[in-house]
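First the structure, in the form of structure tokens, and then the observations on it.
The values are calculated or read from the model by the stated rules, or taken from the named source; none is laboratory data. What you see is a predicted model, and the numbers here were worked out from it, not measured in a lab. Neighbour counts are summed over all protein chains in view; Cβ atoms, including those assigned to glycine, are modelled from backbone coordinates with ideal geometry. Protein only, heavy atoms only, side chains kept; ligands, DNA and RNA dropped before computing areas. Shrake-Rupley method; radii C 1.70, N 1.55, O 1.52, S 1.80 Å.
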Amino acid sequence: MTGLTHFNEDGRARMVDVSDKKATARKAIARSSVLMTNKVYQSIIEQKNKKGDVLGVAQVAGIMGAKQTPMLIPMCHPIQISGVDISFEWVKLNKDRFELVIYAEVKTIGNTGVEMEALTAASATALTVYDMCKAIDKSMTIGETYLLEKSGGKSGDYKRK
């Protein structure tokens, strides 16, 4: 099992020891999206959804998702998150289709990165939008979720091309 960091010498799962890694400022930004009809879009921007403020609740869900990442992803270290910001961008695809683009930025000063926390935050945000709007239209599609960029740590910076 040489070269595999999440397995011990017996081939069993383990959490990587990061205690010798240098604490540095780290940041990760992830992206997700929700594709929806004009009817769903209008209910969100006009704040006429029966469940309440869709984007406000989704932002809180994203923040909570980032904080709960080690509870969901078995090998993630519980880390001290210093900041989470969820932002949105609307894209009109055609007269009846809209895309809500979700950006999740997570920061820490520590000895391991926050990529998984950013990805979890973006995912939780998208899932919450779906949950709050599914009574209007169940055909919404959660789009690709991926890391846009990360900075800090031994592996250096990354920016998606």
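PHE98 falls short on exactly one of the conditions (1) over 22 Å from LYS51 (Cβ atoms); (2) at pLDDT 95 or above, and that condition is (1).
Summed over the stretch 58-83, the residues that are open to solvent by 80 Å² or more (accessible area, probe 1.4 Å) and within 28 Å of ALA13 (Cβ to Cβ) give a count of 8.
Tell me whether the stretch 107-114 contains one or more residues that are in a helix (DSSP H, G or I) and more than 22 Å from GLY56 (Cβ to Cβ). For the stretch 107-114, residues in a helix (DSSP H, G or I) and more than 22 Å from GLY56 (Cβ to Cβ): absent.
Taking every residue in the stretch 63-75 that is touching a residue at least 60 places away in the same chain (Cβ under 8 Å) and pairing it with any residue that is surrounded by fewer than 16 Cβ atoms within 10 Å (Cβ to Cβ), at least 6 positions away or on another chain, the pairs with Cβ-Cβ distances below 6 Å are MET75/HIS6; MET75/MET15. Within the stretch 97-111, residues that are open to solvent by 50 Å² or more (accessible area, probe 1.4 Å) sit with their Cβ atoms under 8 Å from residues that are in a loop (DSSP other than H, G, I, E, B) and not small (Gly, Ala, Ser), at 6+ positions apart or across chains, in these pairs: LYS107/VAL114; ILE109/GLN80. Identify all residues within the stretch 32-52 that are open to solvent by 70 Å² or more (accessible area, probe 1.4 Å) and free of Cβ contacts under 8 Å to residues at least 60 places away in the same chain; write none if there are none. Scanning the stretch 32-52 gives ILE45, GLU46, GLN47, LYS48. Just one of the listed residues (SER123, SER139) is at pLDDT 95 or above, over 23 Å from LYS21 (Cβ atoms) and surrounded by fewer than 16 Cβ atoms within 10 Å (Cβ to Cβ), namely SER139.
When the stretch 150-161 is filtered for residues that are open to solvent by 50 Å² or more (accessible area, probe 1.4 Å) and part of a strand (DSSP E or B), the ones remaining, listed by number, are TYR158, LYS159. Do we have ASN94 as more than 18 Å from LEU147 (Cβ to Cβ) and crowded, with 17+ Cβ neighbours inside 10 Å here? Judged against the criteria, ASN94 is not a match. The single condition from (1) out of contact with any Leu (no Cβ under 6 Å at 6 or more places or on another chain); (2) of a type in the set (A, V, I, L, M); (3) within 28 Å of LYS161 (Cβ to Cβ) that ILE29 fails is (1).
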